[in-house]
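To keep things clear, I will list the structure first and then write my remarks on it.
The values are calculated or read from the model by the stated rules, or taken from the named source; none is laboratory data. Note that the coordinates shown come from a computational prediction; the quantities given were computed from them, not determined experimentally. For neighbour counting, all protein chains shown are included, and Cβ atoms are generated from backbone atoms with ideal geometry for every residue, glycine included.
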Amino acid sequence: MGRLVLARMLQAAAVVAAVVTAVFLLLQFAPGDPFAASLEGADIPPSVRAEWRGHYGFELPPAQRFAHWVGALAHGQLGYAASQHRTVAEVLHDALPRTLLLVGVALVLGFALGVLAGLLQARHHRRWPDRLLGALTFGGVAVPEFLLGLIAMTWLAARWRLFPVAGLASEGDVAAWPLWERALDHLWHLVLPAGVLAVAVAARVARHQRAALLGVLKEDYIRTARAKGAGEWHVLWHHAMPNAIAPVIALLGLAMPSLVGGAVLIERIFGWPGMGLTLFDALLARDFPLILGATLVATVVVIVTRALADIAAAAFDPRGLRVT
Amino acid sequence: MAARTWHRLSRDRTARVAALVLGGAALAALLAPWIAPFDPTFQPDPVGLRLAAPSWQHPFGTDAFSRDVLSRLLFGGQVSLGVAAGAMLLSATLGTAFGALAAVLGGWVDGVVSALVDLLLAMPRLLVVIALVATFGALSPWWLVLLLGGSGWLATARIVRGELRDQLSREYILAARALGASRWRITWRHLLPAVAPQIAVAAALALAAVIPLEAALSYVGLGVQAPLPSWGNILLEGADYLTTAWWLVVFPVAAITGTVGAALILADRLRVAVAGHEDDR
């Protein structure tokens, strides 16, 4: 177990290093110059601009700039987001927790629903609950998250007005509300975006959970348990589940990249001011440090979560090490 | 082996329906210039026919510029399905090439390719594509094919590598080698034909992944640019009229979901045909 943890952490560190390098290279290719003439105060003489460029290290050779950039990164400095008049780190400090909340709620909810659906399907294999849930989960996989989001928004929010169309909280003097009302208001705004993502997670989890359970149910020890008179639910939960849950946890890790991709789009559709919305605002403003900073942080989160999911899967697998 | 798989697939009714849906969509897109009732950019009456509901003349309604939505979907299918098919072909080719290189050469080549695939698979594809588009500016459909195909070959490479390594240990490969066949002849004449069905599964899955990706990129304004219609940017233009004009959302969503679903079903039935039995029997 210890060796697995170490190996996965080293692997994650290598991937992060590769991503950091790639982002630096992209920054070099990115058009635009922060000290170009388009900057406010067009009467700033070229000599002053040159001095600034020197001061900020723009004249250094690439290798040295890379070293500086990585050094700054190690101190949490991702550059200056000109479009927001704040540092990239400050912008992301606001945005990241919101995205983590959205993705976290979707993950927990989707995982719980998916495992439940998979259990029901395995219990009623080839009968109507299996077929109905099978059709539903196939729909959940076939309809891309952002389309589901658009549909949910059209009907549940815009037409029937059951949920707010967009944003993090209601408008008006929200700050004056009591704490629990504000929390409820946030929750109410979270339902649609997190729900849509949770549906996507649940569909994938359910399909894997069903397959894993059906695979385990064919094993001899299950027959033994049944022969000893254990009830079907008892067999499923206490005998089959421990051996069937590990691949599903590993799946969560594998699905993280696409989940974050989906979250980025969902944020844009529902105006949820997290990493995704930040990214699109930065794109509109062509704010490259912010674009690449947001991409970098989101990617690092994905990589770390993936490694954690792999380790958790191994920890939950009673048959010992099973590294994917 | 492979021939038996194709035979089983051709007798699978679900697979035939899925193939029919995909083929029908592709055919409708190809024939768009002849079967579309209007020119996709024609604005007959921007005031009177603005956001007209579906009718006999405009079966899928009209958009905010009075353009016919059905015609735009058909021509948009040319772009969306064309980009998706191009990206699928590219990713299948790259994936097969890298997977075969890794499996056949083994050693350090295998190590490098496998490490590269692991590394790239850990990144959110959508974010990578967005960062690249943002850096290099809006892209033509050809560049989209390159970008989406170039970022989609990882899963295929993994599958091909695994399947080829499995085949390599079989006796017919040993026999071919004993008869003096070169490594590349064995790969080209024996290995790749044997794993063609598995490559097709990977390609179908790649198609199912790339159609929503192009739609998402176009929907956020980074993919196919107006006035060229694509399923994604039809949605983008319709998103402002969610409450009033449902036909601007429902029909593109149905087109995307229908083709993605058909590709997923086809991949699933192909997998069953390869295995020779239902998964859960």
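Selection of the range A:134-160 for residues being more than 8 Å from chain B (Cβ to nearest Cβ), surrounded by fewer than 22 Cβ atoms within 10 Å (Cβ to Cβ) and not small (G, A, S) yields A:L136, A:W155, A:L156, A:W160. Only a single criterion out of (1) crowded, with 21+ Cβ neighbours inside 10 Å; (2) within 23 Å of B:Q198 (Cα to Cα); (3) at pLDDT below 85 is not satisfied by B:T96, namely (3). The set of residues in the range A:187-206 being surrounded by 15 or more Cβ atoms within 10 Å (Cβ to Cβ) and either farther than 20 Å from A:T154 by Cα or free of Cβ contacts under 8 Å to residues at least 12 places away in the same chain (or both) consists of A:V201, A:A202, A:A203, A:R204, A:V205, A:A206. How about the range B:60-81: which of its residues are more than 9 Å from the chain's Cα centre (by Cα) and over 14 Å from B:L248 (Cβ atoms)? The answer is B:L74, B:F75, B:G77, B:Q78, B:V79, B:S80.
Residue check: is A:D185 more than 12 Å from every other protein chain (Cβ to nearest Cβ), out of contact with any Cys (no Cβ under 6 Å at 6 or more places or on another chain), closer than 27 Å to A:P164 by Cα and among the charged types (D, E, K, R)? Walk me through it before giving the result.
Working: more than 12 Å from every other protein chain (Cβ to nearest Cβ): yes; out of contact with any Cys (no Cβ under 6 Å at 6 or more places or on another chain): yes; closer than 27 Å to A:P164 by Cα: yes; among the charged types (D, E, K, R): yes.
Criteria met by A:D185.
Pairs are defined by a Cβ separation below 9 Å, a sequence spacing of at least 6 or placement on different chains, a first member in the range A:207-234 that is free of Cβ contacts under 8 Å to residues at least 12 places away in the same chain and surrounded by fewer than 17 Cβ atoms within 10 Å (Cβ to Cβ), and a second member that is of a type in the set (D, E, K, R) and assigned to a helix (DSSP H, G or I); the pairs so defined are A:R226/A:E232. Candidates A:D220, A:D287: the one that is at pLDDT 90 or above and of a type in the set (D, E) is A:D220.
So which helices (runs of 4 or more DSSP H) are wholly in the range A:46-141 and hold at least 1 residues that are touching a strand residue (DSSP E or B) at 6+ places or on another chain (Cβ under 7 Å) and at pLDDT below 90?
Numbers: elements: A:46-55, A:62-74, A:88-123.
Once the helices (runs of 4 or more DSSP H) in the range A:46-141 are filtered for at least 1 residues that are touching a strand residue (DSSP E or B) at 6+ places or on another chain (Cβ under 7 Å) and at pLDDT below 90, what remains is A:88-123.
When A:D281, A:D287 are checked against the criterion of being within 11 Å of another protein chain (Cβ to nearest Cβ) and crowded, with 20+ Cβ neighbours inside 10 Å, A:D287 stands alone in meeting it.
Any residue at all in the range B:192-215 that's outside any helix (DSSP H, G or I), hydrophobic (A, V, I, L, M, F, W, C) and either away from chain A (no Cβ under 13 Å) or over 14 Å from the mean Cα position of the chain (by Cα) (or both)? Reasoning before the result, please.
Pass one, the range B:192-215, residues outside any helix (DSSP H, G or I): none.
Within the range B:192-215 (the criterion being outside any helix (DSSP H, G or I), hydrophobic (A, V, I, L, M, F, W, C) and either away from chain A (no Cβ under 13 Å) or over 14 Å from the mean Cα position of the chain (by Cα) (or both)), the answer is no, since none of the residues qualifies.
For A:W177, the conditions (1) within 14 Å of chain B (Cβ to nearest Cβ); (2) surrounded by 15 or more Cβ atoms within 10 Å (Cβ to Cβ); (3) not β-branched (V, I, T) all hold with the exception of (1).
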